[in-house]
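The values are calculated or read from the model by the stated rules, or taken from the named source; none is laboratory data. Here the structure is a predicted model, which is why all the values come from computation and not from measurement. Note: ideal-geometry Cβ built from the backbone for every residue, glycine included; neighbour counts use all protein chains shown.
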Amino acid sequence: MTFTRTLLLVCAINLLASCATRAPQKTQWIEEALLHDGRIVHVTRTIKTGLDIALIRLPETKGAPQYYAIETNNPNTGETILWEDDDSEILPILIDFDGAVTYLVVYVTDFDNTKKQYACVFPPYVFLRHQQGKKWVRVNPEDAPAFIQSANLSFSLIGYDMKRMPNLAIMRQDERERISMLSDKKRVGYQTVTKIRNENMERERSGYLFQIDIPRRIADLKTKKRLISDRHKFSRLALIFSKT
C-alpha cells in the first residue's frame, strides 16, 4: 500500500511539473473588425500560452497568454500591420485607420501595477498610433481622432470558442458570404461583427471598467457611481474619483 501511494505521489508530481513547464502553444483565429466608415477588415489574432487553450477565459485567467499579437492590412495602403506584446495584462480592443495611420486601443487589466509598461493608467485604456514604416507610439487620448470610439475587437477570449467551427446557421447572410471565402482552417474560431458586438455588450454589463464606448477621461466612465460604492475592491479608485 505504501509503495502504491508513493508511486501515485511521484506520478502526480511529474504531471504537475510537466504542466508547469509546458512549452507555449500558438493559437490563431480571425475576427471581423467593423471600422468607423462601415468597412470590415479581417484581423488575425494570435496568442501563445502554456495552458490548455480550452481552459482559458480572458481576462479572468491570470498570467495568460504569454504572447499576444494582432495582424491585419491597412485597407487604405495595403500595408501589413502587426502589433505584438508579451504582457499578459494587455488586451487589444479597437483597431481603425486614418489614411496611412493605424490606431490601436488596448485595455490594461493590471492598471495599478507600477512595474508594468503602462503603469497607473486610468481609465485603463491606452491609445497607440502606427505610421507607415514606423513603430507603435503611445498617444494622448485627446489627440486621437474622434472616430476612435467604439471597441470593435473581442474584449474577452473564451478558449473553447477558438477551437471550433462557427455556426453558419445563426449568421447573417453577409457574414456567411465573408466566411465562405476562407479555408476551413481559417474558419476555426472565426468571430463575426455580430458575435463580437454581442459578447462585448455582455461584458460591459457584467464588468466594472470595460465599456464599448472607450472613455478618454474619468468623466467618460459609465461605471463611476458603481466604482465609488464598491469601497472594498476599488478604494483607491474611489479616492481618485472623490477629487474629480
Could you list all residues from region 162-177 that are crowded, with 18+ Cβ neighbours inside 10 Å and not in a loop (DSSP other than H, G, I, E, B)? Met162, Glu175
From the options Leu35, Leu9, Leu82, residue that is surrounded by fewer than 18 Cβ atoms within 10 Å (Cβ to Cβ) and at pLDDT below 60: Leu9
Of the listed residues (Phe210, Phe155, Phe147), the one being in a loop (DSSP other than H, G, I, E, B) and over 24 Å from Asp98 (Cα atoms) is Phe210
Could you please let me know if Ala151 is at pLDDT 85 or above and among the small types (Gly, Ala, Ser)? yes
When you look at Thr223, is it modelled with pLDDT of 85 or more, of a type outside the set (Gly, Ala, Ser) and surrounded by 14 or more Cβ atoms within 10 Å (Cβ to Cβ), yes or no? no
Yes or no: region 59-69 includes at least one residue that is of a type in the set (Ser, Thr, Tyr) and either crowded, with 17+ Cβ neighbours inside 10 Å or modelled with pLDDT of 80 or more (or both). yes
Quick one: count up the residues across region 126-135 that are touching a residue at least 40 places away in the same chain (Cβ under 8 Å) and in contact with a Phe, Trp or Tyr (Cβ under 6 Å, 6 or more places away or on another chain). 2
